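Every number here is computed from the coordinates shown, using simple stated rules; none is lab data. It should be emphasised that the depicted structure is a prediction, and the values quoted were computed from it without experimental measurement. As a convention, Cβ positions derive from the backbone with ideal geometry for all residues, glycine included, and neighbour counts pool all protein chains shown.
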Amino acid sequence: MNHDVQSLSPATTEEVSAAVKAAITHGYRLATNRTADLPDNFRRLNLGAMQATVDYPARDMTITVQAGMPVGTLQDILKQENQQLPIDCCDPSISVGALVASDVAGSRQYGYGTARDYLIGIEAVDGTGRVFHAGGRVVKNVAGYDLCRLLIGSRGSLAVLTQLTFKLKPIPEQTEVRAFGFRSAKSFEAALTALNTTKAAPVMLDFRCAASNSADTTTTESGLPWSLFIGVDGSAESCHWQFSQLRKDCAEAEEVVSAETSRVSIEEHAARCGSGWQPGDVIVRTVPSELAAIAGELAAEGCSSSGHAGNGILCVSCDKPEAEQQSLELRTICERVVAGRAASVTQWGSDHPAHSTALHSVRLRDTFDPHHVFTLTNR
Amino acid sequence: MSATADSQQCVITSELLRELAAVVGPKRLLDSQDELLVYECDGYIVEKNVPDVVVFPVNTVEVRAIVLACNKHNVPFVPRGAGTSLAGGCLPVHGGVMIALTKMREILEINLRDRYAIVQPGVVNLNLTRALAGSGFHYAPDPSSQGACTIGGNVATNSGGPHTLKYGVTVNHVIGVEFVSPEGEVTQIGGPIGRGSDFDLTGLFVGSEGTFGVVTKVWVKVTPNPAAYRTMLAIFDSVDDTTQAISNIIGAGIVPAALEMMDKGIVGALEDAFHFGFPLDAEAVLLIEVDGLEVAVDHEAKQIIDLCKASGAREVRLSQTEAERALLWKCRKQAFGAIGRLSPSYCTQDGVVPRTKVPEILKFIASVSERHDIRIVNVFHAGDGNLHPILLFDERDARQVQRVMLASDEILSKCIELGGSVTGEHGIGVEKISFMNRLFTETDLEVMDGVRRVFNPDGRCSPGKMLPTAGACGMEHIEKSHPGRRAAM
């Protein structure tokens, strides 16, 4: 593994294509991952020189940008027109291409969805150097296969994204987050059940659960073992009304203790939440109704967790020092807890489409990348 | 381009018929010419071809057995839902076996806590929402044909509908699919917890127009009902003012739940049919709905009313009762059914333009109507820029037919020129194959063909759909690609 592999910085899509063709000719591989160590036979493809806005017809509420544009830059451009791409990302320096290729989805996915709901067009270069397009620049379009969604979360294993078109949303008048504390998994789940049919329209239901052996429950903000962070947006009157309703929803649940500890914007909350998602952490995806039980059992095993309760997503980190050093052990604990449930356990570095052995996934990789230019493993 | 079953001569042997009958039984197999005629086309009546046999499986096991039998005998097969496609999506291009999924109509599970349902492909779209009535949830995609179209068909075409402006199209509401691959394997992609760590194959599968396999089960999201609605009918004396209002609403950053336009021709037909009280002297109306929190909808409605009036609306009516709202939506969704009052035949197009180009494309459509002497009326999803110009004609007049084809081609070509697409929700099917060369580069189509081969390596499943398999381009399709078009009409 090598931090100092040669870096290529194409400035155009044609140069990306040329880089891929050169990789085939000279027998090396390409990665767009900016942080991971890479084997010696790799070159790093840095799209930092491809940051242009291609087209921003603001009144159409779409934007087309080159893939190397940082997410923070994109949001700053959109803000000038009171628009946003409502995908939360804790690192504004991450590129738009990486955001899509990694399918980063933060706190507001409960209310706003993910990249799947906003990406409407792409330009990309496959593993043979072919430049191809899919989708377009209109918000509704079913012509051709939906290669946009195929490339979302593909981790660069099929193609290098070079240009992306998104549909956009208006920025709401304000956003607001409040924290509620719970003493038990049972009361926490009761509140989640009540919130599932609330008359309010929360756009965020994040949570934290402290490990049972942790003396410091202040890590959950509420001072109680369980914290639920509810985010809403809209006018000031709307946000006020929604929290009045949400307090009722939570109060109707068993043993719920309301413990507001903070009042921040969703953006501030999302930026804080992202920091816990480290490469060694384990992600559990389940149906929302199982989340409290799984988090509770993990807490009993000494594992704290956090994530997106409304979407059934937990990020698990372990209070045991030895487990922190050995993510494999952490994974084993998670797999034992979720056994028999509708849930999957994954880790960022090892579980992604590049490693899928499903028939159609293998065929797709062979079709898009027949020379294995983008693959991190031997095939 | 791939060598697909397009070029293969379909031969149905008695042995295959026996094998199919052994799978589904004689009562769920049709092979007499009279019965097969029902299946010669879908909602796109311009091209017709009878399948050689139609079978009605009731479960995944039967679907798999049918597919394996077709493979064994090298016979193409095509899945079919309710046949409401407006682009020839379930046309049996070279005959073969049609797999009709309308008897697979069970709602297998509704899980409100986790907000999903599992349905068989033949479940009628509206029946799922009816099954959810009183639960506080609904199934959001609401194509105008939702009283007839099936969810399997919606998956195939990535169907839309009026409320997709706010809630998204079918792909935004499908989290998993079970299908029988063209090679005969039962495969599940996605499910209640989404795609996991694999590619988003569900996202790729939705909208593949039946070319990736036969859907046998679908996991769909169910969506909470909004707490409140405000439904408005804005009445305009000019089409220009109407389109300006559309542009101003979207430009102001307001995203209504629905924003639909109907012009004078459609309004007249609807008034004849439903007696709603539409103003017959208006040039166009906008049906606008906002939904959400009770505390917020009045403010949004007022913003929209103000924008409409500032754009020249002579009147904006606010729906006063749920019954009035329901009737308004009934009128809108049955608009196509009312067309019969205007003309013996019609052809509906499905172009899309950037939303701010709606005024320009409507002017162009008016000029096309005049130039070709073909009456065109409009009812469409204005908020999405998704047009449905309806070309009215008499199919017994061959010259009118030809003018309709030319006019359609000009309209869709203009949509491409304005940066749009030739289909927003109906799909490419067979109708628009020749436009694919204009929308996409040769390389784009090669890549898509490679993806088709991943799922459908022998091209036996739904041959002749979506991707061009020959080099036709430009206007050739009007004369050459559809030789049966005139006779069929």
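For the protein assembly as shown, the residue among B:ALA382, B:CYS308, B:VAL75 whose Cα projects farthest onto the positive side of the dipole built from Cβ charges is B:VAL75.
So for chain A, taking the charge dipole from beta-carbon charges (+1 Lys/Arg, -1 Asp/Glu), which of A:LEU328, A:GLY223, A:VAL264 sits furthest toward the positive end? Going by the Cα projections, it comes out as A:LEU328. For region A:51-96, the Kirkwood radius over C-alpha pairs fed into Stokes-Einstein at 37 °C and 0.692 mPa s yields D = 308 µm² per second. Sorting the Cα pairs of region A:1-101 by distance into bins of 5 Å, from 0 upward, gives 3, 12, 21, 20, 17, 11, 9, 5, 3, 0 percent per bin.
Only Lys, Arg, Asp and Glu carry charge here, each on its Cβ (+1 for the first two, -1 for the last two); on that basis region B:107-224 has a dipole of about 480 debye about its Cα centre. With R₀ fixed at 45 Å, the C-beta to C-beta distance from B:ALA310 to A:SER7 puts the FRET efficiency at about 0.25. Rounded to the nearest 0.05, the FRET efficiency derived from the C-beta distance between B:ILE45 and B:ASP298 at R0 = 56 Å is 0.80. Here A:HIS133, B:HIS275 are placed in order of increasing Cβ neighbour count within 10 Å, fewest first, which gives B:HIS275, A:HIS133.
Ordered by the count of other Cβ atoms within 10 Å of each Cβ, fewest first, A:LEU328, B:LEU392, B:LEU86 give A:LEU328, B:LEU392, B:LEU86. Residues whose amide H comes within less than 5 Å of that of A:VAL203, counting only those at least five positions distant or on another chain, are A:GLY231, A:VAL232, A:ASP233 (H built at 1.01 Å from N in the peptide plane).
Evaluating kT/(6 pi eta Rh) at 10 °C and 1.306 mPa s, with the Kirkwood radius of region B:292-336 over Cα pairs in the Stokes-Einstein relation, gives 131 µm² s⁻¹. Over the Cα atoms of region B:226-281, the radius of gyration divided by the Kirkwood radius equals 1.01; this is the Rg/Rh ratio. How big is the gap, in Å, between the Cα center of region B:293-318 and the Cα center of region A:135-187? Answer, in whole Å: 30. Think of the protein assembly as shown as a dipole: +1 on every Lys or Arg Cβ, -1 on every Asp or Glu Cβ, centred on the Cα centre; then among A:LEU364, B:SER197, A:GLN66, A:LEU364 lies furthest on the positive end.
Entry note: region B:416-457 has Rg to Rh equal to 1.00, where both radii use alpha-carbon atoms and Rh is the Kirkwood radius. Across region A:1-171, Cα pairs under 8 Å and at least six residues apart give a relative contact order of 24 percent. The string of couplings for region B:445-459 from the Karplus curve (6.51, -1.76, 1.60, θ = phi - 60°) is 6, 4, 5, 5, 5, x, 5, 4, 5, 4, 8, 9, x, 8, x Hz, one whole number per residue in order, with x for Gly and Pro. Placing +1 on the Cβ of every Lys and Arg and -1 on the Cβ of every Asp and Glu, with no other charges, gives the protein assembly as shown a dipole of roughly 860 debye about its Cα centre. Across region A:59-74, coupling constants 3J(HN,Hα) worked out from phi with the 6.51/-1.76/1.60 Karplus curve, θ = phi - 60°, read 6, 8, 6, 9, 9, 10, 9, 6, 6, x, 5, x, 4, x, 5, 4 Hz, and Gly and Pro carry x. Per residue, the convex hull spanned by the alpha carbons of chain B comes to 145 Å³. Normalising the Debye intensity of region B:228-338 to I(0), with uniform scatterers on Cα atoms only, and taking log10 at q = 0.17 Å⁻¹ returns -0.75. Across all C-alpha atoms in region A:1-171, the radius of gyration and Dmax reach 15.8, 48 Å.
Pairwise Cα distances in the protein assembly as shown exceed 54 Å for 11 percent of all pairs. For region A:21-76, the relative contact order comes to 24 percent (Cα pairs under 8 Å, sequence separation of at least 6). Rounded to two decimals, the Cα-based Rg/Rh of region A:9-53, with Kirkwood Rh, is 0.99. Across all directions, the shadow cast by the convex hull of region B:344-433 built on its C-alpha atoms averages 5.4 square nanometres.
D for region B:339-488, whole µm²/s, Stokes-Einstein with Kirkwood Rh over alpha-carbon pairs at 37 °C and 0.692 mPa s: what number? Translational diffusion coefficient: 201 µm²/s. Per residue, the convex hull spanned by the Cα atoms of chain A amounts to 142 cubic angstrom. Relative contact order of chain B, taken over Cα pairs closer than 8 Å and 6 or more residues apart, is 17 percent. Using equal-weight Cα scatterers in the Debye expression, the normalised intensity of region B:12-100 in log10 at q = 0.12, 0.13 Å⁻¹ is -0.31, -0.37. Size descriptors for region B:107-224, from the alpha-carbon set: Rg then Dmax equal 13.1, 42 Å. Hey, how many Å between the Cα centroid of region A:4-44 and the Cα centroid of region B:106-183? Between the Cα centres of region A:4-44 and region B:106-183 lies a distance of 43 Å. Computed from the Cβ-Cβ distance with R0 of 25 Å, the FRET efficiency linking A:SER244 to B:LEU318 stands at 0.40. Each of B:LYS27, B:LYS357 was scored by other Cβ atoms within 10 Å of its Cβ. Arranged with the fewest first, they read B:LYS27, B:LYS357.
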